[in-house]
Each structure stands twice: as structure tokens, then as C-alpha cells.
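Enquirer: Dumping the structure here so I can ask a few things about it.
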Amino acid sequence: MLKDVTLGQYFPGNSIFHKTDPRIKLLLTVAYIVAIFLAKSGAAYALLLLVSILITIMSGIRLSVILKGIKPLIFVVIITAIINVFWYSPPEGTEPLFSFWKINIYLGGLLTALYMAIRILCLILGTGVVLTYTTSPIALTDAIESLLSPLKLIKLPVHEFSMMMTIALRFIPTLIEETDKIMSAQKARGADFSSGGLIKRAKALLPVLVPLFISAFRRADELAVAMECRCYRGGKGRTKMTRRTLRPYDFILVIFFGAFIAGVVLINKYIPFYTV
Amino acid sequence: MTAAELRNVFYTYSKGTPFESAAVTDVSAVFESGMITGIIGHTGSGKSTVAQLINGLLPVSSGEVFVCGKNIWEDPKKMRQVRFTAGLVFQYPEYQLFDETVYKDISFGPKNMGLSEKEIDERVRDAARDVGLDDALLEKSPFELSGGQKRRAAIAGVLAMRPQVLILDEPAAGLDPRGRREVLGNITAYRNKTGAAIIMISHSMEDIAEYCDKIVVMSDSKVLLSGTPEEVFSHADELVKTGLTVPQVTKVLCGLKAMGYDVDTSAYTVDKAEKEILRLFGGEKKC
């Protein structure tokens, strides 16, 4: 049930993306998002789709897992596409492709819808699937801390932020498991979470939320004590167990993504077919 | 009389993901009314999964589950009824207490059954008495109780549904010796009073040996041995091989046998072992 939510989960593996330095991965994700929003011509969108599918395959995550992850979002993609078809306002004097009643459908509208769908799909595949499925939460927050560390100069508590994030991420699966367990226990006493109106369902969740909150606070207390016992006193002078160094495939990926952005820009300029 | 039965049940967790793992493989077991059946095994041997399969919280991957003679997956719409008949007390049930007062918390189950006010009141007080909670405690917040009292309040919440099959997952885990004895005593008393089938999951061999009429030993998601305590503990070698142990007194008898004494190693409680040793060496009980 709740355990079946896979988006944002880490799947251990052995692909090039699993081995890449998480800092590089984060930066490349930003570059990748920039590339997605730079695309204008039809050919550029084709390249986007191609590269997204390529990196998804390269991540070595099983197709069934990926489909399960993006299934809930397909709805969003479709709705966005439909809205774009109808809300497209064409330049003066464009002939509609076809029209019935008061609705005009333009070629531009259809293209915008298609491009929007590709964009969202690429975003999900690149950030939701490739980045989070191949990067453990710890590596991710480590990378964020490292990338944000220049902000320490202006006295921002970067380490504390990243520690909070690590802890929050660390406890998501624990809390999901706990929720599952408490729901099962209340179901065993005849609780019914899946019938009745909105108010009845919200009320039915009370026997789950109260124990969940209590245990979350208890956990927080215990964690604080455990950290205190191991002499945790914040980030100052703290060293890392694993030192990350850049390796050849990090550079290969950087070159690959650099070529990707350059490709998108060049295609926009030289092959501007079906540009919206 | 057979109260609950598993027939060739399989269950797999997270099917179709890289985290897929078999939790229960071809398990068949019969649980009889008026008997306490212990399920024992290592962490991860599948015993808690079995508990949730019996009352339909987890769907079987294949195989059949019968409660009071009915296949529970025949009509999934009636599953709530099954859960009232086969009451399940989870591990550390005190973490599921939620209501303002102990009374209200215990009445959660009976209320869900749709009983009348009067019937609910009677059942709550009855269940509280069954687990030895004072009437004065009923009006307190469950969060003010001590650990042992919380545990008993949570068990009362399930007893108030008067289940004919009562499943308890590690009911005595984390309690002090006195708390253990009280809780396990309450459970035995409930069995004597109602004739319900009790299924008790534990990894304490001593508790199982002392309180259970029948034992099912699980190992690696399969049933390894099942039968009366005498039968099961006579396979001491097999139990030890899978990393489980036998009650300490049985170990003493096995030790004696290894030293060459002609001793029957099937005794598993202190009383029986004492008799056996006295028989062997002769003489009277001194104190």
C-alpha cells in the first residue's frame, strides 16, 4: 500500500549513474533542466526525449519499477497537454487546423501540448527517476552540503540544514512503515479507512495520526539523546568518513551533458522546424 | 475443533520490485479451539507474517486461509467480520493507543462492530477485568499508564471484541518478568474462560514451553516442526541446528544424556525435569 510509493526511493545498483559523484549528478541535473527549458524546435524536443530515454536505460533501473513510479503522474501530463491544446492563442491571421462549434484547434496548440508533455516526462525521468533512484539520500544531502558550503561565508548554517534534511529523509521510510503498522493494527480492530464521505474518512484517520505523532516525537527525542551521546555538536570541525574525489566517468558524463546542451542550442538555431 | 487453518499458504513481499522476498513458503498449520498454539522462530522467519495472514491483513499469494471453517478470501467484503472473529494483537500494541481515556480506547473495537452502548460498556469492563486493569484506570489517559499497564490496555482493546481466535505477536516482549507472567496469565485465563483458540508468537522458548499446548516452529519462511511440546523439544538437535534453542531445563537433561545417563530428554518445564532427575538419581525432594 503506502510501501508501494517508489518515486524518490533509492534503488541500489551498479550503473554509471550509481557510481558518479553526487555533486556532479546534482549539477548535471540542473544543466539537464536548463536544457529542457531551452528546447524550442521540434528536433530539439526529439533530442530531449532521446537523451532522457537513453539516460533512463543507462541507469539500469527495471522498466516495471520506472513505470510504477511515473504511473501516478501520467494523469498530470495528460491534463496539462489537454489544457494547452485549448488555451493556445495563435498569432493574428493563423488558420485553425479544424474547428467545431466555438472551439478552434490550431497546429501550434497541438505542438505546445506535445512539447509540454515531453517536457514534463523528461523532467520526471531525469530528476525523479535517474537522480533519486540512483542516489542514496545520504549521498544527496552530502552533495547539497558540499555545493552550498560557500554560503558558510555569509554565516548560513549549511551543515545544520543538510543534517536536518538527512534526518528528514532518513525517517521517511521509517514513518511510512510505522504508518502501515498502525493502520494494520487499527484495521485489526475493525477500523475502516476506505469507505464513507470525506469527513468520515478524515475522522477515521485520527486513530492513526495520534499514535504516529506520539511516536515521531518519541523518536526525535531518542535521536537527539543518541546524537548527544556521540558528542554531536554541529558542523564545526566535523570530518567526513568518505572523501569523494572526481573520477574519469564523472568527466565523461560532464562532456556528455555539455554536448547535450550544445546540441539543443544548435538544433534550435539550425533546424528550427515546428518551433512554437 | 479447528478454529483457524492455513493450507499451503505462500506470501511474497514487494512483488515485482528489487526488494521482493518470500516471507512465507508453503505453510500449513491447524489451530484448535481451547488450545494455545505457539509459533516460534527467528527474526525474519515469517512468524509475524503468518499472524497477519490469518486475519486477512495481508493477502495470500497462493493457498487458503480458513477461520471458523470459512475461507476468508471467498468474500473479501466480509473481511471486517473476519477481523472481529480473529483478533490480532500486534507487537508492542501500546504504541497504537490513541484515545483520550483507556475506556474509549478499549471501546474502539466494539464500536466498530456496531454494538449497542450497553453491550459495549459490558465488554469494555469485562475486557479490562480480563487483563487485570482497575476500574479506576479506565478514566485515565492511556499515556499516563505504566508500560505494563499500557500493554494490558492495548490487549484489552482486542479482547473486547471477544474474538474466537486470538493472535498475539510477542505479547510479553520488553516486559519485566512480573509483567510477562501477568500478561501470559491473562491470556491463559481468557482461553480458559472462552475456549478461544490462542495463537502466540514468541521467541522465548521458556514462555512457549510453559504456556503452549502445541508448537509450530518456523525457520526460513517454512514450518520446520510442529506438534506438542514433547514432540517438538525431542528434536533438540534440529532446533539447535537452525539456531533456535530448547528450554534451559531440557538443555540440562540433554547434557546428562551426553554424559551417558539414561534420561528422557523430552521434559521441558522445571517441574517435569525435576521429576525426571529425581527418578534418575532417586531420593526425595528436599525443599
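The values are calculated or read from the model by the stated rules, or taken from the named source; none is laboratory data. Given the structure is predicted, the values throughout are model-derived calculations rather than measurements. Cβ placement follows ideal geometry from the backbone for every residue including glycine, while neighbour counts extend to all protein chains displayed. Quick note on the areas: whole protein, heavy atoms, side chains included, nothing else; ligands and nucleic acids left out. Shrake-Rupley method; radii C 1.70, N 1.55, O 1.52, S 1.80 Å.
Enquirer: With the requirement that a residue be assigned to a helix (DSSP H, G or I) and away from every other protein chain (no Cβ under 11 Å), what does segment B:138-148 give you?
Expert: From segment B:138-148, those assigned to a helix (DSSP H, G or I) are B:138-139, B:142-144, B:147-148; that's our starting set.
If the condition is that a residue be assigned to a helix (DSSP H, G or I) and away from every other protein chain (no Cβ under 11 Å), then B:138, B:139, B:144, B:147, B:148 are the ones that fit.
Enquirer: Could I ask something else about it? Out of (1) open to solvent by 10 Å² or more (accessible area, probe 1.4 Å); (2) under 19 Å from residue B:88 (Cβ atoms); (3) touching a strand residue (DSSP E or B) at 6+ places or on another chain (Cβ under 7 Å), the odd one out for residue B:28 is which?
Expert: Of everything listed in (1) open to solvent by 10 Å² or more (accessible area, probe 1.4 Å); (2) under 19 Å from residue B:88 (Cβ atoms); (3) touching a strand residue (DSSP E or B) at 6+ places or on another chain (Cβ under 7 Å), residue B:28 misses just condition (2).
Enquirer: Quick one: is residue B:250 open to solvent by 50 Å² or more (accessible area, probe 1.4 Å) and either charged (D, E, K, R) or under 21 Å from residue B:272 (Cβ atoms) (or both)?
Expert: Values: open to solvent by 50 Å² or more (accessible area, probe 1.4 Å): no; either charged (D, E, K, R) or under 21 Å from residue B:272 (Cβ atoms) (or both): yes.
It is false that residue B:250 is open to solvent by 50 Å² or more (accessible area, probe 1.4 Å) and either charged (D, E, K, R) or under 21 Å from residue B:272 (Cβ atoms) (or both).
Enquirer: Hey, another quick one. Before we move on, is residue B:8 open to solvent by 30 Å² or more (accessible area, probe 1.4 Å), polar (S, T, N, Q) and either more than 27 Å from residue A:11 (Cα to Cα) or touching a helix residue (DSSP H, G or I) at 6+ places or on another chain (Cβ under 8 Å) (or both)? Step through it out loud before you land on a result.
Expert: Values: open to solvent by 30 Å² or more (accessible area, probe 1.4 Å): yes; polar (S, T, N, Q): yes; either more than 27 Å from residue A:11 (Cα to Cα) or touching a helix residue (DSSP H, G or I) at 6+ places or on another chain (Cβ under 8 Å) (or both): yes.
Answer is yes for this residue.
Okay, residues lined up against (1) crowded, with 23+ Cβ neighbours inside 10 Å; (2) touching a helix residue (DSSP H, G or I) at 6+ places or on another chain (Cβ under 9 Å); (3) within 14 Å of chain A (Cβ to nearest Cβ):
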{"site": "B:83", "(1), (2), (3)": "yes, yes, yes"}
{"site": "B:105", "(1), (2), (3)": "yes, yes, yes"}
{"site": "B:120", "(1), (2), (3)": "no, yes, yes"}
{"site": "B:130", "(1), (2), (3)": "no, yes, no"}
{"site": "B:135", "(1), (2), (3)": "no, yes, no"}
{"site": "B:150", "(1), (2), (3)": "no, yes, yes"}
{"site": "B:153", "(1), (2), (3)": "yes, yes, yes"}
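Enquirer: Next up: Got a number for residues in segment B:19-48 being touching a Phe, Trp or Tyr at 6+ places or on another chain (Cβ under 6 Å) and within 14 Å of chain A (Cβ to nearest Cβ)?
Expert: 2
Enquirer: For residue A:228, are the conditions met, namely being in contact (Cβ under 8 Å) with a residue 60 or more places away in the chain and more than 11 Å from every other protein chain (Cβ to nearest Cβ)?
Expert: Numbers: in contact (Cβ under 8 Å) with a residue 60 or more places away in the chain: no; more than 11 Å from every other protein chain (Cβ to nearest Cβ): yes.
For residue A:228, the condition - in contact (Cβ under 8 Å) with a residue 60 or more places away in the chain and more than 11 Å from every other protein chain (Cβ to nearest Cβ) - is not met.
Enquirer: Pull up segment A:119-166, narrow it to residues that are β-branched (Val, Ile, Thr) and open to solvent by 50 Å² or more (accessible area, probe 1.4 Å), then point me to the one that is modelled with the highest pLDDT.
Expert: Result: A:154.
Enquirer: Continuing with the same structure: Any residue at all in segment A:198-215 that is touching a Gly at 6+ places or on another chain (Cβ under 7 Å), at pLDDT 90 or above and within 14 Å of chain B (Cβ to nearest Cβ)?
Expert: No, every residue in segment A:198-215 fails to be touching a Gly at 6+ places or on another chain (Cβ under 7 Å), at pLDDT 90 or above and within 14 Å of chain B (Cβ to nearest Cβ).
Enquirer: Can you name every residue in segment A:186-225 that is outside any helix (DSSP H, G or I) and either under 22 Å from residue A:173 (Cβ atoms) or in contact (Cβ under 8 Å) with a residue 40 or more places away in the chain (or both)? Spell out how you get there, then give the answer.
Expert: Residues of segment A:186-225 outside any helix (DSSP H, G or I): A:189-197, A:205.
Result: A:193, A:205.
Enquirer: If you scan segment B:213-248, which residues turn out to be of a type in the set (Asp, Glu) and either modelled with pLDDT of 90 or more or in contact with a Phe, Trp or Tyr (Cβ under 8 Å, 6 or more places away or on another chain) (or both)?
Expert: Of all residues in segment B:213-248, those of a type in the set (Asp, Glu) come to B:213, B:220, B:230-231, B:237-238.
The answer is B:213, B:230.
Enquirer: Do you know which residues across segment B:49-63 are more than 14 Å from chain A (Cβ to nearest Cβ) and open to solvent by 40 Å² or more (accessible area, probe 1.4 Å)?
Expert: Answer for segment B:49-63, where residues must be more than 14 Å from chain A (Cβ to nearest Cβ) and open to solvent by 40 Å² or more (accessible area, probe 1.4 Å): B:61, B:62.
Enquirer: With (1) surrounded by 17 or more Cβ atoms within 10 Å (Cβ to Cβ); (2) within 14 Å of another protein chain (Cβ to nearest Cβ); (3) under 23 Å from the mean Cα position of the chain (by Cα) as the list, and residue A:182 as the residue in question, which single condition is left unmet?
Expert: Going through the list (1) surrounded by 17 or more Cβ atoms within 10 Å (Cβ to Cβ); (2) within 14 Å of another protein chain (Cβ to nearest Cβ); (3) under 23 Å from the mean Cα position of the chain (by Cα), residue A:182 breaks only (3).
Enquirer: Separate question: Any residue at all in segment B:169-177 that's assigned to a helix (DSSP H, G or I) and over 24 Å from residue B:117 (Cα atoms)? Break it down into steps so the answer makes sense when it comes.
Expert: Looking only at segment B:169-177, we keep the residues that are assigned to a helix (DSSP H, G or I), and these are B:177.
Of the ones still in play, those that are also over 24 Å from residue B:117 (Cα atoms) are B:177.
Yes, because at least one residue in segment B:169-177 is assigned to a helix (DSSP H, G or I) and over 24 Å from residue B:117 (Cα atoms).
Enquirer: Please state which one of A:30, A:65 is out of contact with any Leu (no Cβ under 8 Å at 6 or more places or on another chain), modelled with pLDDT of 90 or more and not basic (Lys, Arg). If you could, list the steps in order and put the result at the bottom.
Expert: On the way: A:65 fails: modelled with pLDDT of 90 or more.
Result of the check over A:30, A:65: A:30.
Enquirer: One residue is enough: does segment A:240-257 have a residue meeting the conditions among the basic types (Lys, Arg) and within 30 Å of residue A:183 (Cα to Cα)? Give the derivation first.
Expert: Residues of segment A:240-257 that are among the basic types (Lys, Arg), as a first pass: A:240, A:243-244, A:247.
Then keep just the ones that are within 30 Å of residue A:183 (Cα to Cα); that gives none.
No - not one qualifying residue is present in segment A:240-257.
Enquirer: Looking at segment A:50-73, is at least one residue in contact with a Lys or Arg (Cβ under 7 Å, 6 or more places away or on another chain), within 14 Å of chain B (Cβ to nearest Cβ) and either of a type in the set (Gly, Ala, Ser) or within 30 Å of residue A:193 (Cα to Cα) (or both)? Break it down stepwise before answering.
Expert: So the first thing to find is which residues in segment A:50-73 are in contact with a Lys or Arg (Cβ under 7 Å, 6 or more places away or on another chain), and the list is none.
No, that holds for no residue.
Enquirer: From (1) out of contact with any Lys or Arg (no Cβ under 6 Å at 6 or more places or on another chain); (2) more than 30 Å from residue B:133 (Cα to Cα); (3) open to solvent by less than 20 Å² (accessible area, probe 1.4 Å), pick out the condition that doesn't hold for residue B:258.
Expert: (3)
Enquirer: Do we have residue B:189 as farther than 25 Å from residue B:218 by Cα and either in contact with a Ser or Thr (Cβ under 8 Å, 6 or more places away or on another chain) or surrounded by fewer than 21 Cβ atoms within 10 Å (Cβ to Cβ) (or both) here? Write out each step before concluding.
Expert: Details: farther than 25 Å from residue B:218 by Cα: yes; either in contact with a Ser or Thr (Cβ under 8 Å, 6 or more places away or on another chain) or surrounded by fewer than 21 Cβ atoms within 10 Å (Cβ to Cβ) (or both): yes.
Judged against the criteria, residue B:189 is a match.
Enquirer: Next question. Is it true that residue A:247 is within 14 Å of another protein chain (Cβ to nearest Cβ) and over 26 Å from residue A:155 (Cα atoms)? Give the derivation first.
Expert: Numbers: within 14 Å of another protein chain (Cβ to nearest Cβ): no; over 26 Å from residue A:155 (Cα atoms): yes.
When the stated conditions are applied, residue A:247 does not pass them.
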